[in-house]
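The values are calculated or read from the model by the stated rules, or taken from the named source; none is laboratory data. Only a predicted model underlies this, so the values are computations on that prediction, with no experimental measurement involved. Don't worry about glycine lacking a Cβ; one is built from the backbone with ideal geometry, like all the others, and counts go over all protein chains shown.
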Amino acid sequence: MNVEQAVFLVGGLGSRLKALTGDTAKPVLDVGGRPFLDHLLDEASRHGVKRALLLCGYRAGDLVASYQGRSIRGMTIDTVAESEPAGTAGALALAADRLDDWFFLVNGDSLFDFNWLGLLPANDASKTGWVRMALASGITGDRYGRVAVDGQQVRDFIPAGTLDRPINAGVYLMRKDVLSRIGAVPCSLERDVLPGLARDGLVEGVVVEAPFIDIGTPQDFERAQRVVPRIMKRPAAFLDRDGVLNVDTGYVHHPDQVRWVSGAREAVRWLNDAGYLVFIVTNQAGVARGLYSEEHIVDLHGWMSAELRRHGAHIDCFEYCPYHPEGVVERYRLVSELRKPGPGMIRKLLAEWPIDASQSFLIGDRETDLEAAAAAGIPGHLFSGGDLLDFVKARIKPTRRTVDFD
């Protein structure tokens, strides 16, 4: 299943934050130095979403003016403005002609630090329900409603209380068929639609213990100022490509040439689930040698990303160096710090992404990879073959942050 759209519910009034939302929509209140919604959009883009759709209500004009037509790491942003309050389900119904058959649906006032692709079904999508929802476990207190789940089947939604059950984390994988259950507006997804779907066996849940924060009350909004920047600054795994993800058969540049290293896709998924950003840093001297073009590299990385998504895994960014001092193509014949053992690709990513370098590392199959890591100030691990997932688990301790992140 390839899900390319994320839909954000950003129409709420924010009545419990009246002192702050008088002239600002709640999702764009400043949290950690930037609009809260921007954090959510970053999450969507790094999980491979190509198109974001904002369902706007309160102060819709401000949201449309700020976000319509913007692009984040190749993800385009579109908006729909409701003329009067329609509720969370009603907002979906009003955007019916803009929805894909499958899409992510995201609450615009909460952040859950988990791997979105873990919501994708492992097999034929026709055999799954209409909704797969992220459930946050380990959340204490009596503010949130609880979800009764049996395996992955959601059985019931329970009013707010202190029960030892997970909560709705506000991120869904949703089938457009859900629209058939939406009645007259205003209509609430949580109160009017999901309970009936659960009774009919059409809602599944994926339980994850990970940091969760919403900004719906003054106390949680204040807490978010501390917690959100810490959530967004993640450790990173820098992986060489040839010899680590795929077998190095020499100048690999086409899908037909790719043979995955045993456990490679599973290792990327493990790192995603453990809370790491995952980057590829690869020398591609074949471009300088005239054996293939940069377009071949970009196309291959797109294909690899699609294959990884089948395993619920993703690469946050591919970096490659096409230069070589002995290249035959003149514009690529140069000495570059990007080329390992130079640390340029790693340093570039450290500068462009919110990375906790103290908890980051590199895995490569050559000493030049380890030299690049050392020059960038992170540890390196030499992979000499075998199962990559076993290699990662033996050396890297999972650092998934707990719900008590602050």
Inspect region 213-226 for any residue being at negative phi and over 26 Å from the mean Cα position of the chain (by Cα) and give the result as yes or no.
yes
Members of region 213-238 found to be among the hydrophobic types (A, V, I, L, M, F, W, C) and touching a Leu at 6+ places or on another chain (Cβ under 7 Å), listed by number
Ile213, Ile215, Phe221, Val228, Ile231, Ala236, Ala237, Phe238
Quick one: how many residues across region 58-90 are of a type in the set (Ser, Thr, Tyr), surrounded by fewer than 19 Cβ atoms within 10 Å (Cβ to Cβ) and within 23 Å of the chain's Cα centre (by Cα)?
3
When you scan region 76-157 for strands (runs of 3 or more DSSP E) that lie fully inside it, which ones turn up with 2 or more residues that are within 22 Å of Gly312 (Cβ to Cβ) and among the small types (Gly, Ala, Ser)?
131-136
Of the residues Ala169, Ala210, which single one is touching a strand residue (DSSP E or B) at 6+ places or on another chain (Cβ under 7 Å), under 22 Å from Phe114 (Cα atoms), in contact (Cβ under 8 Å) with a residue 24 or more places away in the chain and not in a loop (DSSP other than H, G, I, E, B)?
Ala169
Please work out which one of (1) buried (at least 19 other Cβ atoms within 10 Å of the Cβ); (2) farther than 13 Å from Val106 by Cα; (3) hydrophobic (A, V, I, L, M, F, W, C) is the condition Ala6 fails and give its number.
(2)
With respect to Ala52, is the statement that it is assigned by TED's automatic domain parsing to the domain that holds Gly170, touching an Asp or Glu at 6+ places or on another chain (Cβ under 9 Å), small (Gly, Ala, Ser) and modelled with pLDDT of 95 or more true?
yes
Looking for whichever is buried (at least 21 other Cβ atoms within 10 Å of the Cβ) and without any contact (Cβ under 8 Å) to a residue 60 or more places away in the chain here; the options are Ala372, Ala376. Which one fits?
Ala376
For Leu55, the lone unmet condition from (1) in contact with a Gly (Cβ under 7 Å, 6 or more places away or on another chain); (2) surrounded by fewer than 16 Cβ atoms within 10 Å (Cβ to Cβ) is (2)
Candidates Val185, Val252, Val178, Val206, filtered to the one that is assigned by TED's automatic domain parsing to the domain that holds Ile297 and either polar (S, T, N, Q) or surrounded by 15 or more Cβ atoms within 10 Å (Cβ to Cβ) (or both):
Val252
